[in-house]
Every structure is written in C-alpha cells, then in structure tokens.
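**Student:** Take this structure first; my questions come after.
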Amino acid sequence: MAELSSLKIGDKSVKRLGLGTNRIADNDQSRAVLKKAVELGVQLIDTAQLYGQSQRVIGHTLAPYPNDLLIATKGGYSQNQTRELAYGIDESLRLLKLETIDLWQLHRVKADTPLEDTMRFLKDQMASGKIKSAGLSEVTVEQIETARKIVPITSVQNRYNLHDRGHEVVLDYCTEQNIIFMPFFPLASGRSADDEKLQRIAAKYGAGATQIALAWLLKRSPIMLPIPGTLSVEHLESNLAAAKIDLSDQDFKALS
C-alpha cells in the first residue's frame with residue numbers, strides 16, 4: 001500500500017484504508033482475501049456481530065494477530081439492552097480470539113433504550129478491560145454529543161459515499177472534533193462503476209472509477225477511513241491502489 005497518513009485508535013496507528021467484512025464467509029476465497037489484506041498492509045479490519053460467520057472466520061484465519069493490525073467490531077444492532085450487549089461483547093472476544101477489543105462500535109441506537117444507559121454500560125466494559133475504544137454507527141451529531149458526555153467516542157460509522165452524502169453535517173462535525181469517520185458502502189454498492197463522469201476522470205489517471213471514488217473520499221476529510229469490502233483478491237488490490245492516486249483539486253471539485 002502507498003504511504004497514507006495514519007489515524008490513532010487507542011494505542012495503535014492505522015492507515016486510512018481498511019477492509020469491511022460484511023460478506024465474509026467460511027470458505028477459501030474469504031480466507032485468501034483476509035490474508036492478502038494483511039500482507040498488503042491493511043491495518044484495520046471491520047466486522048460485526050451481525051455479519052454471521054465473519055468474526056469466527058477472522059479469528060480462525062488471522063489470530064494471533066500482527067501487532068499493527070486492529071480488529072474493530074460492532075454489536076447492538078437489534079437491541080441495546082445491557083444483557084444482550086454483554087453477551088455480544090463476550091461472544092466477539094471469543095470468536096475473534098481477543099483478550100480485549102480495540103474498537104467496539106454500537107451498531108444502532110435503539111429508541112427503546114436511552115443512549116445514556118448504553119454509554120454507561122460501555123464505560124463499565126472499558127473499565128473492565130474488555131473494550132479499549134468506543135464508536136457509534138448511523139448516528140446524528142446530537143447523538144454523538146450525548147454519548148461523548150459519558151465516554152470518549154473514537155469513531156463514527158455512517159453511510160457515506162460520492163453518490164450518497166446525506167451525512168455531510170456529521171462528517172463535518174467529526175472532522176472538526178477529530179473523530180474518525182468510517183463510511184460504510186463507500187463505493188455505493190457498485191454505482192461508482194457506472195458513473196460516466198467518474199469514468200472520464202478515471203481515464204485521466206489511468207485508474208478505475210471505483211478507485212477514483214475512494215480517492216475522492218480520502219481527499220474529502222483527513223479523518224476519513226473507508227472500509228470497502230470485497231470477496232476478490234483482485235478487487236482488494238485495486239481498492240488499495242486508490243491510495244496512490246493524488247486527485248487534483250479541480251477533479252475533486254468537479255466530482256463534488
């Protein structure tokens with residue numbers, strides 16, 4: 001991977017292109033992608049309790065982990081009740097073969113549980129050593145501020161890409177507050193490949209449209225950390241090559 005600026009998560013520094021694993025399955029293809037990602041210098045792999053076999057496959061394939069690799073996971077998609085969250089965290093530790101989770105992210109804020117209660121629970125989990133850093137997913141600025149009154153928030157994971165910028169206000173807030181922003185669906189589920197403007201600009205750089213979409217994200221904010229997922233080693237290599245693209249201000253503005 002080309003040299004990228006790094007972002008600090010707890011006591012680790014990670015390069016600003018990670019790997020999402022929502023489609024990882026228990027097969028040789030998935031294991032090959034995970035191993036290749038580490039070989040190519042990926043320093044953050046993102047998973048979740050919701051992702052079926054993903055956590056178990058990551059633990060089985062990569063543990064014991066390199067010292068510079070951070071495994072981030074999420075829980076609380078269906079409910080935020082303490083009992084369910086505690087079970088999920090313990091299960092993540094077991095499946096990922098970890099003694100502590102470097103970054104645990106609340107997958108969704110649920111209306112039936114006060115966010116303050118969930119954050120107090122996470123504060124206890126951090127004090128016990130099960131979690132080092134906490135993050136949030138699909139949240140508003142107001143929810144981030146509520147959470148930060150109880151625990152430090154290291155990252156926010158909201159849907160964001162070149163074609164879907166509904167969370168611009170959240171991204172701007174995270175940039176101002178130095179909170180890492182991990183956009184999910186960073187390639188708009190394939191829409192980037194069919195964008196004619198992207199294709200024209202990509203041709204100037206001898207790159208693919210999806211690579212330019214990732215380069216645009218990296219230029220959009222210094223705290224942006226895209227986590228594109230793939231089941232192909234070829235696509236993985238292509239995504240990481242986006243780090244080498246120095247998108248001009250003119251082309252960035254044209255796409256924006």
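**Student:** Applying the selection to region 1-43, what residues are in a helix (DSSP H, G or I), hydroxyl-bearing (Ser, Thr, Tyr) and surrounded by 22 or more Cβ atoms within 10 Å (Cβ to Cβ)?
**Tutor:** The answer is none; no residue qualifies.
**Student:** Determine which member of the set Ile150, Ile180 is of a type in the set (A, V, I, L, M, F, W, C) and buried (at least 20 other Cβ atoms within 10 Å of the Cβ).
**Tutor:** When all the criteria are applied, what remains is Ile180.
**Student:** Only one of these is out of contact with any Gly (no Cβ under 6 Å at 6 or more places or on another chain), polar (S, T, N, Q) and under 25 Å from Gly229 (Cα atoms): Ser133, Ser137, Ser155. Name it.
**Tutor:** Ser137
**Student:** Moving on. Given the conditions (1) surrounded by fewer than 16 Cβ atoms within 10 Å (Cβ to Cβ); (2) touching an Asp or Glu at 6+ places or on another chain (Cβ under 9 Å), report the number of the one that Arg56 does not fulfil.
**Tutor:** Unmet condition: (1).
**Student:** Can you name the number of the only condition in (1) at pLDDT below 95; (2) crowded, with 19+ Cβ neighbours inside 10 Å that Ser78 fails?
**Tutor:** Among (1) at pLDDT below 95; (2) crowded, with 19+ Cβ neighbours inside 10 Å, the lone unmet condition for Ser78 is (2).
**Student:** On to the next question. Scan (1) of a type in the set (A, V, I, L, M); (2) within 20 Å of Ala127 (Cα to Cα); (3) buried (at least 22 other Cβ atoms within 10 Å of the Cβ) for the single condition Ala48 breaks and write down its number.
**Tutor:** With (1) of a type in the set (A, V, I, L, M); (2) within 20 Å of Ala127 (Cα to Cα); (3) buried (at least 22 other Cβ atoms within 10 Å of the Cβ) applied to Ala48, the lone miss is (2).
**Student:** So which residues in region 82-123 are exposed (fewer than 15 other Cβ atoms within 10 Å of the Cβ) and among the small types (Gly, Ala, Ser), if there are any at all?
**Tutor:** Ala111
**Student:** Another question, then. Does Ala202 satisfy the criteria of being touching a helix residue (DSSP H, G or I) at 6+ places or on another chain (Cβ under 8 Å), of a type in the set (Gly, Ala, Ser), surrounded by 15 or more Cβ atoms within 10 Å (Cβ to Cβ) and farther than 19 Å from Asp46 by Cβ?
**Tutor:** So Ala202 fits the description; yes.
**Student:** May I pose another question? Here's a check for you: in region 126-141, which residue that is surrounded by 21 or more Cβ atoms within 10 Å (Cβ to Cβ) and under 21 Å from Glu99 (Cα atoms) is farthest from the chain's Cα centre (by Cα)?
**Tutor:** Top of the filtered list is Ile131.
**Student:** Among the candidates Glu91, Glu84, Glu99, single out the residue that is at negative phi, part of a loop (DSSP other than H, G, I, E, B), in contact with a Gly (Cβ under 9 Å, 6 or more places away or on another chain) and not aliphatic (A, V, I, L, M).
**Tutor:** From the options Glu91, Glu84, Glu99, the qualifying one is Glu99.
**Student:** Here's something else I'd like to know. Within region 159-177, restricting attention to residues that are modelled with pLDDT of 95 or more and surrounded by fewer than 20 Cβ atoms within 10 Å (Cβ to Cβ), which residue is farthest from Arg16 (Cα to Cα)?
**Tutor:** Taking the candidates together, the pick is Val169.
**Student:** Still on this structure, I have one more. Could we say that Tyr87 is modelled with pLDDT of 95 or more and within 19 Å of the chain's Cα centre (by Cα) here?
**Tutor:** Judged against the criteria, Tyr87 is not a match.
**Student:** Would you confirm, using the coordinates I've provided, whether Ser232 is within 17 Å of Leu162 (Cβ to Cβ), of a type in the set (Gly, Ala, Ser) and surrounded by fewer than 21 Cβ atoms within 10 Å (Cβ to Cβ)?
**Tutor:** No.
The values are calculated or read from the model by the stated rules, or taken from the named source; none is laboratory data. What you see is a predicted model; the values in this text were computed from it and never measured. Cβ atoms come from the backbone with ideal geometry, glycine included; neighbour counts cover every protein chain shown.
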